[in-house]
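Here's the structure, in structure tokens; my notes come after.
Nothing in this text is a laboratory measurement; each read-out follows from the coordinates by a stated rule. No experiment lies behind these values; they were computed from the predicted model shown. FYI the Cβ positions are ideal-geometry reconstructions off the backbone, even for glycines, and counts take in every protein chain you see.
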Amino acid sequence: MSEFIYLMKNGDLYKLGIAKNLEAEARKLSPGEIIASLKIGDPKSFNARLLKLYKKKRIPDTNYFRLSELEVDNCKKHLEGQTNLPKSLSDEFLIGLNGSLLFGILTIFISFLITRMFIFSLFISIIFASLPMWSLSILGSFGGYDVNDLKAFSTVPNRLKGFLIAISMVSFSYVLYALFDF
């Protein structure tokens, strides 16, 4: 279900929050005013990414910040969708897949230049291509989220996908190695 992520100004403080009903939230936060918002399907992960982005300006144990005008403009751009900031945990998974593809291509190219053995190069490249997936399965993300701002189970599906892909890549690599026994 879609919810709103909003940036609210109250005096010299700014608040990043999540609300199902933006008008009701605005009334509740009066005299503060909501200056930017985004309706999104996975608000918790995007909110956690924004909270981490402005972590140094955060008032401890709150969602209130002391932001400069430049940071406010930057946050507005994120909330208006004018940046490439990943908005969900599945976007984080796609970052891992792209990283795996890049690692694999670079490794096969370099390994083939060194050894001139295609199957061995493929074996090595699959091992290296699994590294981003291992990282995703262990860490849950690539540094885009603050663990304190997300519930523990929210990254579990990402970790599980990363783990299963990493296991399958290593298994396939082992089969290649065993079949062609360099």
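Neighbour counting of Cβ atoms within 10 Å sorts the residues 68, 135, 90, fewest neighbours leading, into 68, 90, 135.
Within a straight-line Cα-Cα reach of under 19 Å, residue 87 can be paired with the following aspartates and glutamates, leaving aside sequence neighbours fewer than 8 residues apart in one chain: 3, 42, 71, 73, 146, 149. Tell me whether the range 1-55 comes out rounded, prolate or oblate; compute the Cα gyration tensor, take square roots of the eigenvalues as a ≥ b ≥ c, and use a/c under 1.5 as the rounded threshold. Since a/c reaches 1.5 but b/c is at least a/b, the shape of the range 1-55 is classed as oblate.
Axis angle, to the nearest 10 degrees, between helix 43-53 and the longest C-alpha principal axis of the chain: 90 degrees.
Between the helical axis of 69-79 and the longest alpha-carbon principal axis of the chain there is an angle of about 60 degrees.
In this label model, residue 114 and residue 174 are separated by 2.3 nm, measuring between points 7 Å along each Cα→Cβ vector. The chain has equivalent-ellipsoid semi-axes of 44, 15, 12 Å, by the square roots of 5 times the alpha carbon gyration tensor eigenvalues, sorted largest first.
How tilted is helix 118-129 with respect to the longest principal axis of the chain? Cα atoms for both, answer in degrees (0 to 90, nearest 10). Tilt of helix 118-129: around 20 degrees. The sum of -39500 (n - 2.57) across all DSSP H runs of n ≥ 4, divided by the residue count of the chain, sets its helix-only mean residue ellipticity at 222 nm to -18000 deg cm²/dmol.
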